[in-house]
């Protein structure tokens, strides 16, 4: 011994560390070895012995009878199903660490092999076996996976090449902010078709797109400076006045009532008259093509206005494709402002971690809307809380997430009941909502620095951004808010194989009558 240091004790400590490390490795290998051996035995029977014997049953009485083989095959299937459930439970119990991810990948390969073996049992040789439970078995094996994006290349589409001193003034009045974002994107498409720059509306007339969206990012992606111009910037360069030379109405009367007209005039916007582009027929146009838009809306006037484009159904396959219809060099053209993305990342870092489910649970106004639709024979998607909880659990059970980020306008009584019903494998799945601002917390400081903590549209986009970064997303059917989240997830490469609308098209188990 020297200065209290023992060589023997040092070696003994090292040996103990090696034993623990070896034991951990052996434990991991054992976890895979046992199910692999059982699975291999069953596969050997199913593939090599089962089909051959079923094809040639014995008539002499010395060999196995067909009924005995079928019973044995059903027993094999039951063992496979039991093993699959155990493997899935084991997969979900493994923590999300580097070593855990390796083990989960190995287990996943065993689960897939198990599924293939089950499919063999349901081959044409075994059509007389009862397969009524296979869908539920398959559902129990469902594991959410991220959707792999193809290698990125420059977005091909319509070139947006504006002519000098030619502008399109955005007019969106229909619905709430998500509707206006869709309307804005369609204005961008029209501006590209007509060769014009885009003038955003005043925040006093519409929403403040500049606070919510990264306008600089749009210009960078398109490679054209000032292709989208703020209302104030345009007025600053044009002596405080904006005269719309031609006000073209896609919707009847441009979807502008007297109140909106007065607001525009008060802000320095003028026009001679509004022009109806289409005949006064509610069925026309149903799906106009791009060539018709150019024909009807083309003009050599300096400024034209078009309203409202939310309901415009023009080249929908083109407009709704991932990345949008325009040619640009970015994966996503329409992005939240950088301080919104930064705040979302800090919130996830503080409360959620990388593995969480996001739920957009729209309630306000949907109850009446649902009942009226149901009365007319249309679909209704307002679900009672217990039914909604069952649907949420089905999706959550296909993930290893323990928390759900809840974006909702529901009352506390509804969310409280929902929380009490969310249990998986005997453990509660926690619902997490954005807390009110607290000076002691720093996750929302990017918004606080810009004085945007009380901006409703910024907060709504923050919710969308958090949902877009989740492992799996559950949306509200019929909500444009959810539609925009799914767009962002597709473009950002965060989509999951389990992304879906709540209850996947099920009917509510109870619908009240219309009083």
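The values are calculated or read from the model by the stated rules, or taken from the named source; none is laboratory data. Worth saying up front: this structure is predicted, and the values here are computed from it rather than measured. When we count neighbours, we look across all protein chains shown, and the Cβ atoms used for this are built from the backbone with ideal geometry, even at glycine.
Determine which single condition residue 266 fails, assuming it passes every other condition in (1) in contact with a strand residue (DSSP E or B) (Cβ under 8 Å, 6 or more places away or on another chain); (2) under 23 Å from residue 245 (Cα atoms). Single failed check for residue 266: (1).
The one condition from (1) out of contact with any helix residue (DSSP H, G or I) (no Cβ under 7 Å at 6 or more places or on another chain); (2) part of a strand (DSSP E or B) that residue 351 does not meet is (2).
Based on this model, can you work out whether residue 231 counts as in contact (Cβ under 8 Å) with a residue 40 or more places away in the chain and within 20 Å of residue 173 (Cβ to Cβ)? So residue 231 fails the test. In summary, helices (runs of 4 or more DSSP H) completely within the range 406-515 and bearing 2 or more residues that are in contact (Cβ under 8 Å) with a residue 40 or more places away in the chain and surrounded by 21 or more Cβ atoms within 10 Å (Cβ to Cβ) occur at 456-468, 480-492.
Does residue 306 fit the bill of being surrounded by 11 or more Cβ atoms within 10 Å (Cβ to Cβ), touching a residue at least 12 places away in the same chain (Cβ under 8 Å) and touching a strand residue (DSSP E or B) at 6+ places or on another chain (Cβ under 7 Å)? Please lay out each step first, then the result.
Details: surrounded by 11 or more Cβ atoms within 10 Å (Cβ to Cβ): yes; touching a residue at least 12 places away in the same chain (Cβ under 8 Å): yes; touching a strand residue (DSSP E or B) at 6+ places or on another chain (Cβ under 7 Å): yes.
When the stated conditions are applied, residue 306 passes them.
Residue count for the range 235-262 under the criterion of being touching a residue at least 60 places away in the same chain (Cβ under 8 Å) and crowded, with 19+ Cβ neighbours inside 10 Å: the result is 8. Filtering the range 328-371 to residues that are on the phi > 0 side of the Ramachandran plot and modelled with pLDDT of 95 or more leaves only 353. Just one of the numbered conditions (1) surrounded by fewer than 21 Cβ atoms within 10 Å (Cβ to Cβ); (2) not assigned by TED's automatic domain parsing to the domain that holds residue 218 is not true of residue 292: (2). Report whether or not residue 121 is farther than 13 Å from residue 400 by Cα, modelled with pLDDT of 75 or more and out of contact with any strand residue (DSSP E or B) (no Cβ under 9 Å at 6 or more places or on another chain). It is false that residue 121 is farther than 13 Å from residue 400 by Cα, modelled with pLDDT of 75 or more and out of contact with any strand residue (DSSP E or B) (no Cβ under 9 Å at 6 or more places or on another chain).
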